[in-house]
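For reference, the structure discussed in these notes is given below.
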Amino acid sequence: MAPKFGYNASPTREERELEHMLHLVWSLEEEGDQRMETVVSRWEQNDDPQPLVERVIGGGLAVLEDGEFRLSAEGRKRAEEIVRRHRLAEYLMSEVFLLDEDQYERNACEFEHILSPEVTESICTLLGHPPVCPHGRHIPRGSCCVRYGAEVKPLVGRLSDLSPGDVARIVFISSDRSKQLDRLSTMGLTPGTLLKLHQRHPSFILDLGETKLAVDRDIADEIYVKKVG
Ligand SMILES: [Zn+2]
Ligand SMILES: [Zn+2]
Ligand SMILES: [Zn+2]
């Protein structure tokens, strides 16, 4: 059976498994060890990966060469998309929804199969084209990143990355401490608020129009903003 390509909103169990295998080979390639024995030992599902390996090879997505499992050009393209969707989903759920690793892994494993190219681009753009997932692994670039990459300015970034004089609007605050969120909101720091960064050291001084506010680095790291002008 030749594997299907492109966006598929309701993948079968076989298609999911195939995507998991491509994902695994991609990760092993990053780690520099694609030996077949490593593929087998790292395959997390209980069943024997051999029939799946044969399916991947039969579909022209990878080859077995010198004892190494290597992606074909077509397999690499497909793996890159899966890995990109998975790692973007991890980033979204860990940084924005603040889920713990167990939860975001489970959800990312669902999302990686069903996100359409359009939704994937929107998520990437919303997050500011993040270069790495929460595990520090490279997120393959998409066409949205290439477009914005030319300017090297992500749409949404941390307040702590602004330079003095920058004007920005708060998009979201990523804090898992509700007390902290309450405190910030009493100070006027809520999504939608327009601010100007006055100085970065020794603390971040924000100009909120009527008032000036000093916040520490850890808080500036949790406030995500979109530059204006
Ligand atoms: Zn999955
Ligand atoms: Zn990750
Ligand atoms: Zn992007």
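For the range 34-56, the candidate set comprises residues that are touching a Phe, Trp or Tyr at 6+ places or on another chain (Cβ under 9 Å) and farther than 20 Å from PRO11 by Cβ; within that set, the residue that is surrounded by the fewest Cβ atoms within 10 Å (Cβ to Cβ) is ARG35.
One line per residue, one yes/no per condition, for (1) surrounded by 15 or more Cβ atoms within 10 Å (Cβ to Cβ); (2) in contact (Cβ under 8 Å) with a residue 40 or more places away in the chain; (3) within 16 Å of ligand 1 (Cβ to nearest atom):
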position: ALA79; (1), (2), (3): yes, yes, yes
position: ASN107; (1), (2), (3): yes, no, yes
position: LEU115; (1), (2), (3): yes, no, yes
position: SER122; (1), (2), (3): no, no, no
position: PRO130; (1), (2), (3): yes, yes, no
position: LEU155; (1), (2), (3): yes, yes, no
position: LEU162; (1), (2), (3): yes, yes, no
position: GLY165; (1), (2), (3): no, no, no
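Beta carbons closer than 6 Å, at least 6 apart along the sequence or on distinct chains, pair a first residue in the range 9-27 that is farther than 15 Å from GLU68 by Cα with a second that is hydrophobic (A, V, I, L, M, F, W, C) and more than 13 Å from ligand 1 (Cβ to nearest atom) for GLU17/LEU52. Of the residues examined, GLU17 is one that is buried (at least 18 other Cβ atoms within 10 Å of the Cβ), within 21 Å of ARG87 (Cβ to Cβ) and away from ligand 3 (no atom under 16 Å from the Cβ). Scanning the range 151-167 for residues that are part of a loop (DSSP other than H, G, I, E, B) and either modelled with pLDDT under 90 or within 20 Å of ILE123 (Cβ to Cβ) (or both) returns GLU151, VAL152, LYS153, PRO154, LEU155, VAL156. Taking the criterion of being free of Cβ contacts under 8 Å to residues at least 24 places away in the same chain and either in the same structural domain as PHE97 (by TED's automatic domain parsing) or touching a Gly at 6+ places or on another chain (Cβ under 8 Å) (or both), the residues of the range 183-229 that qualify are LEU208, THR211.
The values are calculated or read from the model by the stated rules, or taken from the named source; none is laboratory data. Not measured: the values here are computed from a predicted model. Heads up, the Cβs are rebuilt from the backbone with ideal geometry, glycines too, and the neighbour counts pull from every protein chain shown.
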